[in-house]
Amino acid sequence: LIKRHNTINTHVKLEKSSANSRSLQHLAGFTCNSKYCRPIQEKIFVFGRGVVVGKFNERCRYGTPSLSVDAEGYNCPAGHASATFGTGSNASGRYSTVLGGYNNTAA
């Protein structure tokens, strides 16, 4: 997040949507151009299913809810309420988290 003059300006790069996801262009509360979306108002956004920052892993059965930050598309936060950072990371246990690196597992 970039804080300027007491407002939050968030940039989110858009990529092609898979069958199981939607782009921010279709959500109320965002204004988009050809490269980025930003929230219209300063709010907290709640995503019930999951969020992928980077590339979606087609081979993963993402947990609910889950968070994945992965530039390569090899993370798999499969556990309930799990999160993965890095690449090749697997979080299969309930509430498990991999905080980064390569090819790490939390069960």
Output the residues belonging to segment 92-107 that are under 15 Å from the mean Cα position of the chain (by Cα) and under 16 Å from Arg49 (Cα atoms). none
Pairs only if they're at least six apart or on different chains, beta carbon under 7 angstrom, first in segment 32-53 and farther than 25 Å from Ser66 by Cβ and free of Cβ contacts under 8 Å to residues at least 40 places away in the same chain, second open to solvent by less than 90 Å² (accessible area, probe 1.4 Å) and assigned to a loop (DSSP other than H, G, I, E, B); list them, first residue then second. Lys35/Leu14; Ile40/Gly29; Gln41/Gly29
Among the candidates Gly29, Gly50, residue that is small (Gly, Ala, Ser) and at pLDDT 85 or above: Gly50
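The values are calculated or read from the model by the stated rules, or taken from the named source; none is laboratory data. As the structure is a prediction and not an experimental result, all values here were calculated from the model. Using ideal geometry, Cβ is built from the backbone for each residue, glycine included, and neighbour counts are taken over all protein chains shown. Accessible surface areas use protein heavy atoms only, side chains included; no ligands, DNA or RNA. Shrake-Rupley method; radii C 1.70, N 1.55, O 1.52, S 1.80 Å.
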